[in-house]
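> I am attaching a structure below and will ask some questions about it afterwards.
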Ligand code: SAH
Ligand code: SF4
């Protein structure tokens with residue numbers, strides 16, 4: 001985080017706020033009051049923290065920013081997946097997805113309300129199939145901007161979120177310190193209080209950061225976007241594989257699995273004619289078995305302007321059955337509402353394209 005500009009109050013841990021308030025000569029119970037206003041009562045300005053002295057409210061406003069996300073568009077309806085497009089304070093757009101009852105997002109069915117959140121504006125990793133990658137990288141999100149996605153969606157939907165997946169726009173492990181800081185606040189009882197086991201970080205395979213995450217004490221879940229069971233196939237669609245190949249990635253996963261109590265998940269999007277052949281399924285089963293990992297198969301969501309498509313239903317089921325024959329805990333996402341369920345990054349892409357179109361035709 002930058003030292004020069006003011007930082008958002010929601011980017012700080014309890015102890016840090018405590019330290020700052022102590023320096024202002026405030027009694028120690030003030031931090032609890034402020035945390036309650038921020039995360040329990042959810043006010044939108046320091047001025048609304050009515051049990052704080054006026055002078056302190058003014059002082060806090062001088063010390064910190066206190067931003068909110070502006071909702072630009074919502075797609076979907078109450079009972080289905082809803083996508084939110086947000087505008088950040090600097091005008092950048094990000095998106096998050098609310099999934100009412102979790103459709104086996106990481107291999108488990110549950111009645112939890114899940115949100116899929118973004119960690120960066122765009123993404124630098126350039127996976128060939130991904131709308132976020134297509135848009136290039138703009139910047140990391142601050143911890144507050146990560147947390148604010150949950151606060152904004154709870155506010156707009158009136159629903160309490162109890163499951164978080166870092167599967168929106170961006171590569172979470174490339175924004176490591178802000179993501180960890182946000183996770184600690186999401187997890188903390190004084191803030192959002194969501195259990196670490198209900199927080200899943202998805203990565204395209206940054207091997208060194210996977211190890212670093214393994215050394216974090218929190219029992220957060222890890223999902224690894226494999227999408228290819230050989231280097232040949234994986235490198236074709238995920239440039240990161242040229243830096244950390246499958247062997248390096250799997251050894252980092254092994255390290256993670258050894259340090260955490262839960263199994264990790266391999267995400268595997270099925271793209272017709274690219275990674276859906278039988279030999280890939282056999283090898284995927286072998287990788288998963290070695291690590292006792294679960295596999296989550298996701299039929300590819302088409303992205304406008306990209307040539308890829310999902311395999312036939314039959315091929316998807318066959319791929320799944322090879323994994324199951326090898327006793328792998330595997331699920332296949334058979335979602336409805338394909339258009340809205342489309343992976344993160346697409347709504348932003350569409351909106352930006354429309355805006356550009358308007359500029360051109362104006
Ligand atoms: N950068 C991280 C997390 C964000 S992407 C990662 O790559 O894991 C979250 C998941 O969505 C990844 O598994 C990614 O491969 C997948 N994804 C991206 N575009 C997709 C698409 N068009 N259809 C289906 N899944 C997609
Ligand atoms: Fe980035 Fe993940 Fe998309 Fe790859 S799949 S471009 S890492 S967001």
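For every residue, the table says whether it meets (1) touching a helix residue (DSSP H, G or I) at 6+ places or on another chain (Cβ under 7 Å); (2) closer than 23 Å to residue 187 by Cβ.
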{"position": "29", "(1), (2)": "no, yes"}
{"position": "41", "(1), (2)": "no, yes"}
{"position": "53", "(1), (2)": "no, no"}
{"position": "62", "(1), (2)": "no, no"}
{"position": "75", "(1), (2)": "yes, no"}
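> Right, next: What's the total number of residues in the stretch 151-173 that are crowded, with 21+ Cβ neighbours inside 10 Å and more than 13 Å from ligand 1 (Cβ to nearest atom)?
Matching residues across the stretch 151-173 total 3.
> Quick one: residue 83 ticks every box in (1) surrounded by 18 or more Cβ atoms within 10 Å (Cβ to Cβ); (2) at pLDDT 95 or above; (3) assigned by TED's automatic domain parsing to the domain that holds residue 155 bar one, so which box is it?
So residue 83 meets the others, but not (2).
> What number of residues in the stretch 49-62 are buried (at least 16 other Cβ atoms within 10 Å of the Cβ) and in a loop (DSSP other than H, G, I, E, B)?
Of the residues in that region, 2 qualify.
> Any chance the stretch 91-105 includes a residue that's surrounded by fewer than 19 Cβ atoms within 10 Å (Cβ to Cβ), away from ligand 1 (no atom under 16 Å from the Cβ) and at pLDDT below 90?
Within the stretch 91-105, the subset surrounded by fewer than 19 Cβ atoms within 10 Å (Cβ to Cβ) is 91-92, 100-104.
In the following step, the residues that additionally are away from ligand 1 (no atom under 16 Å from the Cβ) were identified as 91-92, 100-101.
Then drop every residue that is not at pLDDT below 90, which leaves 100-101.
Yes: the stretch 91-105 contains one or more residues that are surrounded by fewer than 19 Cβ atoms within 10 Å (Cβ to Cβ), away from ligand 1 (no atom under 16 Å from the Cβ) and at pLDDT below 90.
> Right, something else. Taking the stretch 21-35, which residues are outside any loop (DSSP other than H, G, I, E, B), more than 30 Å from the chain's Cα centre (by Cα) and surrounded by 15 or more Cβ atoms within 10 Å (Cβ to Cβ)?
Across the stretch 21-35, the qualifying residues are 21, 30.
> Going by the conditions given, is residue 362 at pLDDT below 95, within 16 Å of ligand 2 (Cβ to nearest atom) and more than 30 Å from residue 251 (Cβ to Cβ)?
Considered against the rule, which asks whether it is at pLDDT below 95, within 16 Å of ligand 2 (Cβ to nearest atom) and more than 30 Å from residue 251 (Cβ to Cβ), residue 362 comes out as no.
> Need at least 1 residues that are touching a strand residue (DSSP E or B) at 6+ places or on another chain (Cβ under 8 Å), more than 16 Å from ligand 2 (Cβ to nearest atom) and farther than 26 Å from residue 238 by Cα per element, so show me which helices (runs of 4 or more DSSP H) inside the stretch 83-188 make the cut, counting only ones lying wholly within it.
Those helices (runs of 4 or more DSSP H) span 143-157, 176-187.
> Sticking with this structure for a sec: Might you check whether a residue that is within 16 Å of ligand 1 (Cβ to nearest atom) and free of Cβ contacts under 8 Å to residues at least 24 places away in the same chain occurs anywhere in the stretch 238-254?
yes
> Check off (1) out of contact with any helix residue (DSSP H, G or I) (no Cβ under 6 Å at 6 or more places or on another chain); (2) surrounded by fewer than 23 Cβ atoms within 10 Å (Cβ to Cβ) for residue 181 and give me the number that stays unchecked.
Going through (1) out of contact with any helix residue (DSSP H, G or I) (no Cβ under 6 Å at 6 or more places or on another chain); (2) surrounded by fewer than 23 Cβ atoms within 10 Å (Cβ to Cβ) one by one, residue 181 breaks only (1).
> Quick one: residue 261 ticks every box in (1) out of contact with any strand residue (DSSP E or B) (no Cβ under 8 Å at 6 or more places or on another chain); (2) within 15 Å of ligand 1 (Cβ to nearest atom); (3) within 30 Å of residue 184 (Cα to Cα) except a single one, so which number is it?
Failed condition: (2).
> Kindly establish whether residue 91 is without any contact (Cβ under 8 Å) to a residue 60 or more places away in the chain and on the phi > 0 side of the Ramachandran plot.
Working: without any contact (Cβ under 8 Å) to a residue 60 or more places away in the chain: yes; on the phi > 0 side of the Ramachandran plot: yes.
Answer is yes for this residue.
> Which of (1) in contact (Cβ under 8 Å) with a residue 60 or more places away in the chain; (2) under 30 Å from residue 187 (Cβ atoms) does residue 300 not meet, given it meets every other one?
Residue 300 satisfies every listed condition except (2).
> Those residues that are under 11 Å from the mean Cα position of the chain (by Cα) and on the phi > 0 side of the Ramachandran plot, I need them from the stretch 159-208; list them, please.
170
> So for the stretch 36-48 (the condition being in contact with a strand residue (DSSP E or B) (Cβ under 9 Å, 6 or more places away or on another chain) and either surrounded by 17 or more Cβ atoms within 10 Å (Cβ to Cβ) or under 17 Å from residue 143 (Cβ atoms) (or both)), does at least one residue qualify?
yes
> Let me ask you something else. Of the conditions (1) in a helix (DSSP H, G or I); (2) under 24 Å from residue 326 (Cβ atoms), residue 262 satisfies every one except a single condition; which number is it?
(1)
The values are calculated or read from the model by the stated rules, or taken from the named source; none is laboratory data. Predicted, not measured: the structure shown is a model, and the values here were computed from it. Positions of Cβ are generated from backbone atoms using ideal geometry, with glycine treated the same way; all protein chains shown enter the neighbour counts.
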